[in-house]
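Some notes on the structure that comes next.
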Amino acid sequence: MIEPDVWGIVWLSLKVSAVAVGVCLPLAFALAWALARGRFAGKVLLDAVVHLPLVLPPVVTGWLLLLAFGPQGPAGRWLEATLGVTFMFRWTGAALAAAVMALPLMVRAMRLSIEAVDLRLEAAAMTLGASRWRVFRTITLPLALPGVVAGAVLGFARSLGEFGATITFVSNIPGETQTLPLAIYSALQVPGGEAVVTRLAVISVLLSLAALVVSEVMARRMGRGSHVL
């Protein structure tokens, strides 16, 4: 049997991951498009900044978020003063940390998918009178959609496993910021907590496997559909 508080942790983890991916998705696609199709000064620097969370220690990423979005940070002060939004010790802060850590994986998958689109198809459509928006909507986006979906699901799986940036940025508060990795860490500190750790670890593995399987299945199905187009 799984206790109600464990289900609460699972629900909070799913909510944090879903919000992180939902908020991050438009930005990830815009960055992927800019890196795949853009020709501008500073492109290499932008690419490096986007992928920085992959190589930085997660604790450093959490510390940078704390500096920027904490009560004394420039973004944190502005958001609280103008919109009344605060991230400190809130599940929204956990979602922000998860989004930052998931962004590089999402951008990478989407960028590869956009780069794989045959530019000759777009050129042929425009020579037949299609506008750029119509070409994007009917050709580019459907062909790139498998990568977009794969990136979103990979970002979701990455968000489920986020630990270092979250605990540094918003701490480990049961019922508010304590997601599955943080709950496992807490249970490991308690004598006799092995049973709880085992249950939470099994749930984490199952959720991550499910996300990866869904990503692969949807990418293959959409890939077959795009070939029909």
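Which value in Å does the Kirkwood hydrodynamic radius of segment 55-116 take, with 1/r averaged over all unlike C-alpha pairs and then inverted?
After inverting the pairwise mean of 1/r, the radius is 12.9 Å.
Express the carbon and sulfur contribution to the solvent-accessible surface of the chain as a percent, rounded to the nearest whole number, probe 1.4 angstrom.
Summing carbon and sulfur atoms, their accessible area is 71 percent of the total for the chain.
Order 68-77, 91-100, 205-214 from most to least packed using the mean count of other Cβ atoms within 10 Å.
In decreasing order of mean packing, 68-77, 91-100, 205-214 become 91-100, 68-77, 205-214.
Spin-label point model (7 Å from Cα, Cβ direction): what's the residue 217 to residue 80 distance in nm?
4.5 nm
What order do you get for 153-161, 82-90 when each peptide is scored by the mean count of other beta carbon atoms within 10 Å, highest first? Write out the running numbers ahead of the final one.
Numbers: 153-161: 23.6, 82-90: 13.7.
Listed from highest to lowest mean packing, they are 153-161, 82-90.
Give the accessible area for residue 194 in Å² (nearest 10); use a 1.4 Å probe, count only protein heavy atoms, and leave out ligands, DNA and RNA.
120 Å²
Under a 1.4 angstrom probe, counting protein chains only, how are 203, 114 ranked by accessible area, largest first?
Greatest to least solvent exposure: 203, 114.
So for each of 168-180, 128-140 I average, over its residues, the number of other beta carbons within 10 Å; can you give me the resulting order with the highest mean first?
168-180, 128-140
Relative to the present Cα-Cα distance, how much length would full extension add between residue 132 and residue 7 at 0.36 nm per residue of separation?
Values: separation 125, 0.36 × 125 = 45.00 nm, distance 4.72 nm.
Computed gain between residue 132 and residue 7 is 40.3 nm.
For segment 143-157, in order, what is each residue's ³J(HN,Hα) by Karplus, 6.51 cos²θ - 1.76 cosθ + 1.60 with θ = phi - 60°, in whole Hz (x at glycine and Pro)?
Per-residue couplings from phi come out as 6, 8, 4, x, x, 5, 5, 4, x, 5, 6, 5, x, 5, 5 Hz.
Towards the positive end of the charge dipole of segment 6-225, with charges on Cβ (+1 Lys, Arg; -1 Asp, Glu), say which of 104, 145, 48 has the farthest Cα.
It is 145, whose Cα lies furthest towards the positive end.
Put one equal scatterer on each alpha carbon of segment 40-194, apply the Debye formula with no solvent term, and list log10 I(q)/I(0) at q = 0.09 1/Å to two decimals.
Scattering profile of segment 40-194, log10 relative to I(0): -0.43.
What does the charge count near residue 143 come to, summing +1 for each Lys or Arg and -1 for each Asp or Glu among other residues with Cβ under 10 Å from its Cβ?
Net of charged neighbours comes to -2.
Using a Förster distance of 41 angstrom, determine the FRET efficiency expected from the C-beta separation of residue 190 and residue 51, and round it to 0.05.
0.65
Averaged over all directions, how much area does the convex hull of the C-alpha atoms of segment 1-108 cover when projected, in nm²?
Over all viewing directions, segment 1-108 projects a mean Cα-hull area of 8.8 nm².
Using the heavy atoms of the protein chains alone and a 1.4 angstrom probe, what is the accessible area of the chain per residue in square angstrom?
Accessible area per residue, the chain: 54 Å².
The values are calculated or read from the model by the stated rules, or taken from the named source; none is laboratory data. None of the values given here were measured: they were computed from a predicted structure. Here the Cβ is made from the backbone with ideal geometry for all residues, glycine too, and neighbour counts use every protein chain on show. Only protein heavy atoms, including side chains, enter the accessible area calculation; ligands, DNA and RNA are left aside. Shrake-Rupley method; radii C 1.70, N 1.55, O 1.52, S 1.80 Å.
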